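We did not get these values from a lab; they are worked out from the coordinates using the rules stated. As the structure is a computational prediction, the values presented were derived from the model and not from experiment. Cβ placement follows ideal geometry from the backbone for every residue including glycine, while neighbour counts extend to all protein chains displayed.
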Amino acid sequence: MKKILFPLLLICLSNIIHAQIHEVINGDERYMICMQKGFGLHCFSKPDLENGKWIFYYDSTKTKVKYIEYFKDRKRNGFSYWYREDGSINSLDEYKNGKFHGEFRGYHKNGQLRSKGFFYNNNSIGVFNAFDSLGNIIRCDTIVIPDGIQYRKIFVPETIVNKIFILNSEISDDQLYNNIEIDSLQNQTTIYFCNIHKNQYFTIKLNENKRIACFEIGFINPLLSENYINLNVPFFQTENEIKLGMTRNQLLGMKGTDFYVMTEKYIRYILDLNGNALTKQNEPIGYMLECEFENDKVVKIIFRN
């Protein structure tokens, strides 16, 4: 029994170490490399920090996050998120074993993409674009993708929930399982549903033509579910099985990495009216899928035309 328990204990301790959260005030030279550049002091995390999640703050009250990084085997691994003092996202980088490997994005202060590209083993590959603050391309480079390298997966929009409700369609009596007459919903712009366990909600928003314009899925307090139409389903999911509780990596593996913006709290995919990845923030949106996260798990899903 002891021979079995000891490896299990090591695994548990290892998981605790990897889950550790380290908080650092900007300028703390125990964990940061600080250098004078121009008239300001620029500080960056050291490249060989202990395993876990590292949160670096602008202020001593720890209310303004500067950036978040993840370390494994004392090397950067996963996504790093950089924020401005006002809380807006500044840039996003992806690492593997301490090297740039995967997505990177830069953003202007107005939320417009500043740069967009992909790294493989510290080298940029595929298409790199740079934009001005209005979304106009000011630089476009195409780097050869090495043979055998899997590049970005093409994003395919989600349009159906539980094989019943279809985006941009009309609501029918059959879809409501006769729980409520469709006539009684004529003056409503939002319809609320819950699952049989009453721990998930599903809302439909209708446009002026009474067609489905937006879906939203999230967790619900069972005590607040009395006003929801109860559907005979255990949970809500899309046609490609996007659902609550998924991890960030599971979602990215299914929907691809060519998102418009990602922070630690959400991922947002946006297509223009032609079905292409949106690059200009002020362009009309043809489709959007947004997933919110808590503790690296999807807690809300929104998609709309």
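With Cα atoms as the point set, the radius of gyration and Dmax of the range 19-143 evaluate to 15.4, 44 Å.
Our coupling estimate for the range 298-303, obtained by passing each phi through the Karplus curve with A = 6.51, B = -1.76, C = 1.60 and θ = phi - 60°, is 5, 10, 7, 10, 10, 9 Hz, Gly and Pro reported as x. Here the translational diffusion coefficient of the range 215-305 follows from Stokes-Einstein with Rh set to the Kirkwood radius across Cα pairs; for 25 °C and 0.890 mPa s it amounts to 171 µm²/s.
Subtracting the Cα-Cα distance of residue 292 and residue 224 from 0.36 nm times their residue separation leaves 22.4 nm of extension gain. Among 140, 34, a tally of other beta-carbon atoms within 10 Å of each Cβ gives an order, fewest to most, of 140, 34. Considering every alpha-carbon pair of the range 152-305, the percent of pairs per 10 Å bin, from zero through the bin containing the longest distance, is 11, 39, 35, 14, 1.
Below 10 angstrom from the Cβ of residue 293, what's the summed charge of the other residues (Lys, Arg +1; Asp, Glu -1)?
Details: positive: 248, 265, 297, 300; negative: 264, 292, 294, 296.
Every neighbour counted, the sum reads 0.
Of the residues 202, 144, 302, the one whose Cα sits farthest towards the positive end of the charge dipole of the chain is 144 (charges of +1 on Lys and Arg Cβ, -1 on Asp and Glu Cβ, taken about the Cα centre). Loop-located GluC sites (Glu not before Pro) in the range 83-135 (DSSP state other than H, G, I, E, B) with a sparse environment of at most 13 neighbouring Cβ atoms within 10 Å: 85. Projecting label points 7 angstrom from Cα along Cα→Cβ for residue 61 and residue 139 puts them 3.8 nm apart.
Could you give the dipole magnitude of the range 19-143 about its Cα centre, charging the beta-carbon of Lys and Arg +1 and that of Asp and Glu -1, in debye to the nearest 20? Before the final figure, lay out the partial values.
Values: 19 positive and 15 negative charges, 25 e Å.
Approximately 120 debye in magnitude.
Across the range 224-238, computed HN-Hα scalar couplings (Karplus, 6.51 cos²θ - 1.76 cosθ + 1.60, θ = phi - 60°) run 9, 9, 5, 8, 9, 6, 7, 9, 7, 9, x, 7, 10, 8, 8 Hz from first to last residue, x flagging Gly and Pro.
Once both axes come from the Cα atoms, what is the angle between helix 2-18 and the longest principal axis of the chain, in degrees from 0 to 90, rounded to 10? Between helix and principal axis, roughly 90 degrees. Taking every alpha-carbon pair in the chain and binning the separations at 20 Å intervals from zero gives 27, 52, 21, 1 percent. The residues 288, 246, when put in order of fewest to most other Cβ atoms within 10 Å, stand as 288, 246. Looking at the chain, the DSSP beta bridges with both ends there are about 90 percent antiparallel.
May I ask for the percentage of alpha-carbon pairs in the range 84-138 that lie more than 17 Å from each other? So the pairs more than 17 Å apart make up 42 percent of the total in the range 84-138. Taken one residue at a time, the phi angles of the range 89-97 give Karplus couplings (6.51, -1.76, 1.60, θ = phi - 60°) of 6, 9, 7, 9, 10, 10, 10, 9, 6 Hz. Gly and Pro are set to x. Within straight-line reach of residue 53, meaning a Cα separation under 17 Å, sit the following aspartates and glutamates at least 8 residues removed in sequence or on another chain: 23, 28, 69, 73, 93, 94, 264, 294, 296.
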